[in-house]
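What follows is one structure encoded as C-alpha cells, with my remarks underneath.
Quick note: the coordinates plus some simple rules give every number you see, no bench work behind them. This one's a predicted model, so the numbers in the text were calculated from it and none came from an experiment. Using ideal geometry, Cβ is built from the backbone for each residue, glycine included, and neighbour counts are taken over all protein chains shown.
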Amino acid sequence: MSYMLTRIHVDDYDAWKPVFDSDPAGARKEAKGHRILRSAEDPNELFIQVEFASAEEAAAARERLVSSGVLERVSVTAGPALAEEAETVAY
C-alpha cells in the first residue's frame, strides 16, 4: 500500500468537510480509502491519510492535489508526502 499524508489546519472543520468530500482536485478518484484524524488539542488541525494501491497512483494524486490550488485555501503544516507501508501491527 502507498499513502499520501497531509497535515493541515482549517478555520472551521464543519465548513471544510463538504469541500473535502466533493474532492474538487480529483485527488482521491483512484484511492482505496482515507482517514481523517483531528488533533485532540485543536479539532481544526487535521491529519489526512489517503490510501492507494500503488506508489504511482499516490504520486499522480499528489500532483493533482498540488496543481489544483485547493491547498491554498488551508494552512498546510506538512505534506502532501508520499509513504509506503513498512509494517502494520494490531493489538
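A few points about this structure:
- Whichever residue in the range 36-58 is farther than 15 Å from Tyr13 by Cβ and within 14 Å of the chain's Cα centre (by Cα) and, among such residues, is surrounded by the most Cβ atoms within 10 Å (Cβ to Cβ): Ala58
- Of all residues in the range 64-91, those being over 24 Å from Ser54 (Cβ atoms) and among the hydroxyl-bearing types (Ser, Thr, Tyr) number 3.
- Given (1) surrounded by 15 or more Cβ atoms within 10 Å (Cβ to Cβ); (2) touching an Asp or Glu at 6+ places or on another chain (Cβ under 6 Å), index of the condition Ala61 fails: (2)
- In the range 45-56 there is no residue matching the filter, namely being in contact with a Leu (Cβ under 8 Å, 6 or more places away or on another chain) and touching a residue at least 60 places away in the same chain (Cβ under 8 Å).
- When the range 1-28 is limited to residues that are exposed (fewer than 13 other Cβ atoms within 10 Å of the Cβ) and free of Cβ contacts under 8 Å to residues at least 12 places away in the same chain, the one that is nearest to Ser68 (Cα to Cα) turns out to be Ser22.
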